[in-house]
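J.: Structure incoming, see below.
The values are calculated or read from the model by the stated rules, or taken from the named source; none is laboratory data. Only a predicted model underlies this, so the values are computations on that prediction, with no experimental measurement involved. Neighbour counts are summed over all protein chains in view; Cβ atoms, including those assigned to glycine, are modelled from backbone coordinates with ideal geometry. Heads up: the accessible areas ignore ligands, DNA and RNA and are worked out on the full protein's heavy atoms, side chains in. Shrake-Rupley method; radii C 1.70, N 1.55, O 1.52, S 1.80 Å.
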Amino acid sequence: MTGSSRDVTALLHAWTDGDVAARDRLMSLVYRDLHRRAAAYFRRERAGDTLQPTALVHEAYLRLVDQRRVVWQNRGQFFGVAAQMMRRILVDRARARKMAKRSGQWARVTFDDAAKATPPMNVDVLDLDAALARLSAFDARKCQLAELRFFSGLSLAEAGEALGISLATAERDWQAARAWLSKELRPGRSRDT
């Protein structure tokens with residue numbers, strides 16, 4: 001992991017206080033970590049996607065530096081916001097691709113739920129986004145946890161820290177979110193209910 005949690009948190013606080021140089025130092029500290037997480041995501045993504053991990057990280061960076069109202073608290077929160085940015089970028093691209101082609105082509109993402117007993121599911125990014133929105137409607141924390149795991153590649157410990165919950169709670173929430181999402185994203189399931 002690049003950059004200690006303490007260094008990242010100190011730079012985030014300085015950035016919140018308006019120090020642009022701290023923002024730039026922060027980005028150089030976390031860039032490799034963000035790129036590694038994006039590359040891990042793309043290894044699970046469908047082949048032939050024109051967006052590369054570097055471009056995803058750069059676009060997320062541009063959106064992150066535009067955040068004016070965020071009071072940065074810690075490394076976990078930063079990676080949580082970065083995960084949301086990457087999710088939005090990927091969903092926006094999938095929607096644009098779907099609208100442009102109108103040919104039934106689907107953007108695929110591997111639903112790697114880390115469950116060793118079941119093989120990973122191939123899931124449409126837009127279906128995953130819709131399922132996360134439905135999950136958020138009744139359990140926002142489980143949705144945030146799933147978002148941190150899927151789009152930022154945070155470990156359960158890192159996601160728990162970002163959400164301010166214990167590792168045990170993160171594990172329970174992740175198990176429940178995985179089960180619910182697996183059911184919602186099962187092929188052939190009607191999304192109208």
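J.: The conditions are (1) open to solvent by 50 Å² or more (accessible area, probe 1.4 Å); (2) modelled with pLDDT of 80 or more; (3) not acidic (Asp, Glu), and Gly188 fails exactly one of them. Which is it?
T.: If we test Gly188 against (1) open to solvent by 50 Å² or more (accessible area, probe 1.4 Å); (2) modelled with pLDDT of 80 or more; (3) not acidic (Asp, Glu), just (2) comes out false.
J.: Please go through the range 40-58 and pick out each residue that is at pLDDT 85 or above and surrounded by fewer than 18 Cβ atoms within 10 Å (Cβ to Cβ).
T.: Passing the criteria: Thr54, Ala55, His58.
J.: Also, quick follow-up: Restricting the search to the range 2-15, which residues are open to solvent by 50 Å² or more (accessible area, probe 1.4 Å) and either modelled with pLDDT of 85 or more or at positive phi (or both)?
T.: The answer is Asp7, Ala10, His13.
J.: Can you spot a residue in the range 22-39 that is open to solvent by 20 Å² or more (accessible area, probe 1.4 Å), modelled with pLDDT under 80, farther than 20 Å from Leu156 by Cα and not charged (D, E, K, R)?
T.: No, the range 22-39 contains no residue that is open to solvent by 20 Å² or more (accessible area, probe 1.4 Å), modelled with pLDDT under 80, farther than 20 Å from Leu156 by Cα and not charged (D, E, K, R).
J.: Quick check on this structure: which one of Arg102, Arg97, Arg108, Arg68 is on the phi > 0 side of the Ramachandran plot and at pLDDT below 80?
T.: Arg102
This table checks each residue for (1) open to solvent by less than 30 Å² (accessible area, probe 1.4 Å); (2) within 24 Å of Arg95 (Cβ to Cβ); (3) in a helix (DSSP H, G or I).
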residue	(1), (2), (3)
Ala131	yes, yes, yes
Arg134	no, yes, yes
Arg141	no, no, yes
Glu147	yes, yes, yes
Gly153	no, yes, no
Ala168	no, no, yes
Glu171	no, no, yes
Ala176	no, no, yes
Leu181	yes, yes, yes
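J.: How do the pairs read when you match residues in the range 24-41 that are closer than 17 Å to Val65 by Cβ and in contact (Cβ under 8 Å) with a residue 24 or more places away in the chain with residues anywhere that are surrounded by 16 or more Cβ atoms within 10 Å (Cβ to Cβ) and among the hydroxyl-bearing types (Ser, Thr, Tyr), using Cβ under 7 Å and keeping only pairs 6 or more apart or on different chains?
T.: Listed by first residue and then by second, the contacts come to Met27/Tyr61.
J.: Sticking with this one: Could you grab me the full set of residues in the range 59-82 that are among the hydrophobic types (A, V, I, L, M, F, W, C), open to solvent by less than 70 Å² (accessible area, probe 1.4 Å) and either over 12 Å from the mean Cα position of the chain (by Cα) or farther than 16 Å from Gly153 by Cβ (or both)?
T.: Passing the criteria: Leu64, Val65, Val70, Trp72.
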